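Here is the structure we will look at.
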Amino acid sequence: MNRGDHTESETTTRAGERVGSEPARRSAFLDVWKRFRRNRSGVAGLIVVGLLAVVAVFAPAISPDTYWDQDLSESLQPPSREALLGTDQFGRDLLSRLIYASRPSIQVGVVATGIAIVVGTSIGAMGGYFGGWVDYLTEALVSITWAFPTILMAVFLVSVLGPSLANIMIAVGLVSWASYARVVRAQVLSLKETDFVLAARVVGAGEWRIILRHVLPNTLSPVIVMASLGMASSILAEAALSFLGLGIQPPAPSWGSILSDARSFLTIAPWLSIPPGICIMITVLAFNLLGDGLRDATDPHSRR
């Protein structure tokens, strides 16, 4: 092939990337959305997650009271017209505290999952693309991380960093990255020898440009599915840490800390423990249903 033919082929390849890639991605997205809409459980999960996000954002407007106002004369009151879910040991409205507690749960779910995605995707992409000792180090880090129970690692990190919302996000994110790294590494290993990556090398694209522009975008589907499932795990981890007293500190509410406080009043005020447990269950279930729906919609073998 002479230089003119090579230039023409290069121009055609670049033009094809510019013109054909965007409509193809849009068509793929619409195809995924159509299949997702047919999954009733996935749609139900998406609706519940959307409602939770609205409640978290507009908590001050939705809540019938503030979460910190105390009235000891109204402590441990059962559900009534004035307090729909009753009051806690300090006379604080339980419904208001549950509504405000959705904020840290959603924050931890989003931010901790984001940290895990950034760390795991970066490490997995480098290991899969460069191979050699980089890949060996990646696999070693993943194996070491998986050798310890996730919740115990989170407890250790929060104990070292100190109990706070920011530290919970960091701790949960840093103990959740290994799954993303393993999946992204496997995707990159199958992508790095494909025609479009080889063509990018031929036209002189740098290694990092190839990773960021050509390889990583094609690993997004499994990462998005894992992220929706990972948010459920992050929210559950936050509730567990708060239940142990290592999470959100009083007077700020958390579903886990509300549930922990209710343990002392199970016999005389059982209404304190049921609502936060239901909130945790519904939230985790909604994210799991959403993740399952996205997994089925993005599975190339499920063309129902």
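Values in this text are rule-based calculations from the coordinates and carry no lab data. Only a predicted model underlies this, so the values are computations on that prediction, with no experimental measurement involved. Ideal geometry is used to build each Cβ from the backbone, glycine not excepted, and the neighbour counts take in all protein chains shown.
Using per-residue counts of other Cβ atoms within 10 Å, averaged over each peptide, order 69-81, 223-235 from highest down.
223-235, 69-81
Pairs of Cα atoms under 8 Å, at least six residues apart: use those to get the relative contact order of the chain, whole percent.
25
Suppose every K and R has +1 on its Cβ and every D and E has -1 on its Cβ; what is the size of the dipole of the chain about the Cα centre, in Debye to the nearest 20?
Using only the charged Cβ atoms, the result is roughly 860 debye.
Which whole-Hz ³J(HN,Hα) couplings does the stretch 130-146 yield from phi under the Karplus relation 6.51 cos²θ - 1.76 cosθ + 1.60, θ = phi - 60°, glycine and proline marked x?
These are the phi-based 3J(HN,Hα) values: 7, x, x, 5, 5, 5, 4, 5, 4, 5, 5, 4, 4, 5, 5, 4, 6 Hz.
Using only the Cα atoms of the stretch 153-205, what semi-axes does the equivalent ellipsoid have when each is the square root of 5 times a gyration tensor eigenvalue? Give whole Å, largest first. Provide the component values of the computation, followed by the final result.
Numbers: eigenvalues 308, 28, 8 Å².
Three semi-axes, in Å: 39, 12, 6.
Relative to the longest principal axis of the chain, what angle (0 to 90°, nearest 10) does the C-alpha long axis of helix 40-57 take?
60
Take the stretch 69-176, compute every pairwise Cα distance, and split them into 10 Å bins from 0; I just need the percent in each bin.
Distribution as computed: 14, 27, 23, 19, 9, 7, 2 percent.
Would you kindly compute the Cα radius of gyration of the chain and its largest Cα-Cα separation (Dmax), both in Å?
Every Cα atom of the chain included, Rg and Dmax give 24.1, 91 Å.
Which ³J(HN,Hα) values in Hz, rounded to whole numbers, follow from the phi angles of the stretch 250-258 under the Karplus curve 6.51 cos²θ - 1.76 cosθ + 1.60, where θ = phi - 60° and Gly and Pro get x?
So the J values, rounded to whole Hz, are x, x, 4, x, 9, 4, x, 5, 4.
Taking a label point 7 Å from the Cα of Met281 along the Cα→Cβ vector, which residues of the stretch 77-92 have an amide N closer than 18 Å to it?
Counting backbone N atoms under 18 Å from the label point, the list is 85.
If you wrap a convex hull around the C-alpha atoms of the stretch 107-151 and split its volume per residue, what is the figure in Å³?
Spread over its residues, the Cα hull of the stretch 107-151 gives 51 Å³ apiece.
By how many nm would the segment from Ser122 to Phe148 grow when fully extended, if each residue of separation counts as 0.36 nm and the alpha-carbon distance is taken off?
Length gained between Ser122 and Phe148: 7.2 nm.
Could you sort the peptides 143-156, 92-105, 279-292 by per-residue average Cβ neighbour count (10 Å cutoff), highest mean leading?
92-105, 279-292, 143-156
For the chain, what does -39500 (n - 2.57) per DSSP helix run (n ≥ 4), summed and divided by total residues, give at 222 nm, in deg cm²/dmol to the nearest 500?
Value at 222 nm, helices only: -23500 deg cm²/dmol.
Give the order of Thr113, Thr219, Thr194 when sorted by the count of other beta carbons within 10 angstrom, beginning with the fewest. All intermediate terms of the calculation are to be shown ahead of the outcome.
Details: Thr113 26, Thr219 22, Thr194 13.
Taking fewest neighbouring Cβ atoms as first place, the list is Thr194, Thr219, Thr113.
Each residue of the stretch 267-278 in order: what ³J(HN,Hα) in whole Hz does its phi give by Karplus 6.51 cos²θ - 1.76 cosθ + 1.60, θ = phi - 60°, with x for Gly and Pro?
These are the phi-based 3J(HN,Hα) values: 7, 9, 9, x, 5, 6, 8, 6, x, x, x, 5 Hz.
Average projected area of the Cα convex hull of the stretch 178-227, in nm²?
Spelled out: convex hull of the Cα atoms, projected over all directions, averaged, 3.3 nm².
So if each residue of separation counts as 0.36 nm, and I subtract the Cα-Cα distance between Arg263 and Leu76, what length gain in nm does that give?
On the way: separation 187, 0.36 × 187 = 67.32 nm, distance 1.30 nm.
Full extension of this stretch gives 66.0 nm more.
Starting from the 7 Å offset along Cα-to-Cβ, what nm value, one decimal, do you get for the label separation of Ser164 and Trp33?
My value for the distance between the label points is 4.1 nm.
Bin all alpha-carbon pair distances of the stretch 156-304 at 5 Å intervals from 0 and give each bin's fraction as a whole percent.
2, 9, 13, 14, 14, 12, 11, 9, 7, 5, 3, 2, 1, 0, 0
Can you find, among Ala240, Leu152, Ala53, the residue sitting farthest towards the positive end of the charge dipole of the chain, where Lys and Arg contribute +1 and Asp and Glu -1 at Cβ?
Ala53
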